[in-house]
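Worksheet: the structure to be examined is printed underneath.
The values are calculated or read from the model by the stated rules, or taken from the named source; none is laboratory data. These numbers were taken from a predicted model, which means no experiment stands behind them. Here the Cβ positions follow ideal geometry from the backbone for every residue, glycine too, while neighbour counts run over all protein chains shown. Accessible surface is based on the protein model in full, side chains and every heavy atom, while ligands, DNA and RNA are left aside. Shrake-Rupley method; radii C 1.70, N 1.55, O 1.52, S 1.80 Å.
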Amino acid sequence: MEDYIRIAGGKPLEGTVSIQGSKNAALPMMAASLLHKGVSVLKGCPRIADVFCMEEILRELGAVTWWEDHDLYMDCTNADKTEIPAAYTGKMRSSVILLAVMLSRNKKGCLGYPGGCVIGKRPIDLHLYALRQLGAKVEEGTELIMASCDSLRGKAIEFPKRSVGATQQAILAAVMASGETELLNCACEPEIKWLCRYLKTMGALIQGEGSSLIHITGVKELNGGCMKVPPDRIVAGTYICAAAITRGRLVLENPPEGELDAFLEVYRKMGGQYKGKSGKLIVNGNGIRYPVPFLKTEVYPGFPTDLQSPMMAVLTTIPGQSRIREQIFEARFKTAEELVRMGAHIRVEGREAVIDGGYPLQGCTVQAQELRGGAALVLAAMAAEGITCVEGYSYIRRGYEHICEDLSLCSS
Ligand code: UD1
């Protein structure tokens, strides 16, 4: 498949899109499935590159997997290998949470350093801290991370900083550890709640999911899991930005519920309208005209860092000055350079980007460098005059199942 997309912009979007299952919810659920020696199923799982990569890793460990339409079946009866080569883990950062499940299942695990989108330093110290607290011995080699334990033992752990991945790592290690685990200062992103709900379908004993304090009572065995993957809040937010940047109108089927409040508040202040109706979300970007004097990304329930680049693309089209402060990942302004190539006026000052909006965007060749930034370029292309070629489509396919089909159907 070609690694670029060509987009002819300039038309307001109008139509209906269905929101795919959430990438960031599905990946830890897939990892959790390894905690049962049998079949688990994720219904409505997105068919995207990152999910296929995690599926490949499960197979590498010995699982048998198959799809029935969008339902992913994972038979982990014999998934007892304990080493994941760097060739796999280098492709996807969230693979690091497999350390917890390998430890829980086989008392040892070894993997290459995790890769993923280049948006900042992305250390894994909090992941390893949690595992060590639960009784694992972890060695960080030059190429591999090796972990082992006699047994995992429940404990009270306070995270010095909120991390989605490290919270998931700790939960996955604690559900089958002996005794009680108390996790303090957990990340509260919805994907953690969904992971806990999935683990509960497997028989895990968890309280407080979705809050910063999670209590887990370890169990000896887990059953097979079965759950529908929730809608992807970041894909939904991206599509709302698509309506906003083209001043169009979209109906979102299968929208996330109550997970986009901070984002929608900003969208409303920009002049965007939305309403829920019969389980759908109708968004109208026709009235978008107000810049955003100051927007900062924050941990949930604040404005999500994953929607910062799509929102930046929208702000380039609104006359007046907007300012964004990126507080989660320090190198997440790379897309600004590409937007500037399209005619946007953006100045990056450390962790802040100042956008002087309203200058027309012109189609040209731009380079996606990471998933969400790539999606932002697709949006900018939809508002630009002429043809834009977005190179690096493979980054975008990591998280969006049918962005081209969805958005082109609504712009014809
Ligand atoms: C997850 C999401 C990603 C989202 C991010 C923040 C998945 C697969 N990815 O990433 O889309 O942008 O949450 O909402 O769910 N940190 C440390 N040490 C660690 C771990 C993290 O210092 O051991 C720092 C990071 O550098 C970052 C911050 O903590 O500054 C938040 O990162 P984290 O919440 O862990 O993000 P991810 O789980 O990697």
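Being over 29 Å from Y113 (Cα atoms) and surrounded by fewer than 24 Cβ atoms within 10 Å (Cβ to Cβ) is true for just one of T238, T246, T217. Which residue is that? Can you show your working first?
Numbers: T238 fails: surrounded by fewer than 24 Cβ atoms within 10 Å (Cβ to Cβ); T246 fails: surrounded by fewer than 24 Cβ atoms within 10 Å (Cβ to Cβ).
The conditions single out T217.
Residue by residue through region 359-386, note down the ones that are closer than 17 Å to T317 by Cα, surrounded by fewer than 23 Cβ atoms within 10 Å (Cβ to Cβ) and in contact with a Gly (Cβ under 7 Å, 6 or more places away or on another chain).
Hits for region 359-386 are Y359, P360, Q362, G363, E385, G386.
Here is a check on your reading of the model: is T65 free of Cβ contacts under 8 Å to residues at least 24 places away in the same chain and of a type in the set (S, T, N, Q)? Working first, answer last.
Working: free of Cβ contacts under 8 Å to residues at least 24 places away in the same chain: yes; of a type in the set (S, T, N, Q): yes.
Criteria met by T65.
Just name the residue that is farthest from the ligand (Cβ to nearest atom) out of those in region 143-165 that are under 14 Å from A177 (Cβ atoms) and open to solvent by 50 Å² or more (accessible area, probe 1.4 Å).
Looking at residues that are under 14 Å from A177 (Cβ atoms) and open to solvent by 50 Å² or more (accessible area, probe 1.4 Å), I get D150.
Give me the residue from region 189-218 that is closer than 15 Å to L34 by Cα and not small (G, A, S) and, out of that set, nearest to the chain's Cα centre (by Cα).
Out of the qualifying residues, it is L195.
Could you list, in sequence order, the residues of region 333-351 that are touching a strand residue (DSSP E or B) at 6+ places or on another chain (Cβ under 7 Å) and within 16 Å of the ligand (Cβ to nearest atom)?
Across region 333-351, the qualifying residues are F333, R351.
Only helices (runs of 4 or more DSSP H) wholly contained in region 41-142 count here; list those with 2 or more residues that are more than 13 Å from the ligand (Cβ to nearest atom) and open to solvent by less than 60 Å² (accessible area, probe 1.4 Å).
Because the criterion is at least 2 residues that are more than 13 Å from the ligand (Cβ to nearest atom) and open to solvent by less than 60 Å² (accessible area, probe 1.4 Å), the helices (runs of 4 or more DSSP H) in region 41-142 that meet it are 49-60, 86-89, 98-106.
How many residues does region 281-332 hold that are assigned to a loop (DSSP other than H, G, I, E, B), within 14 Å of the ligand (Cβ to nearest atom) and among the hydroxyl-bearing types (S, T, Y)?
Qualifying residue count for the region: 1.
Quick one: would you say L184 is crowded, with 24+ Cβ neighbours inside 10 Å and either among the charged types (D, E, K, R) or more than 14 Å from the ligand (Cβ to nearest atom) (or both)?
no
Name the pairs: first residue in region 91-109 and farther than 13 Å from M146 by Cα, second residue open to solvent by 40 Å² or more (accessible area, probe 1.4 Å) and assigned to a helix (DSSP H, G or I), Cβ to Cβ under 8 Å, at least 6 apart or on different chains?
Note: pairs meeting the criteria are S94/N24; S95/Y88.
Picking from E2, E83, which residue would you name as being more than 22 Å from A174 (Cβ to Cβ), touching a helix residue (DSSP H, G or I) at 6+ places or on another chain (Cβ under 8 Å) and of a type in the set (D, E, K, R)?
After applying the criteria, what remains is E2.
Collect the residues in region 360-412 that are charged (D, E, K, R) and part of a helix (DSSP H, G or I), keeping them in residue-number order.
R372, R397, E405, D406
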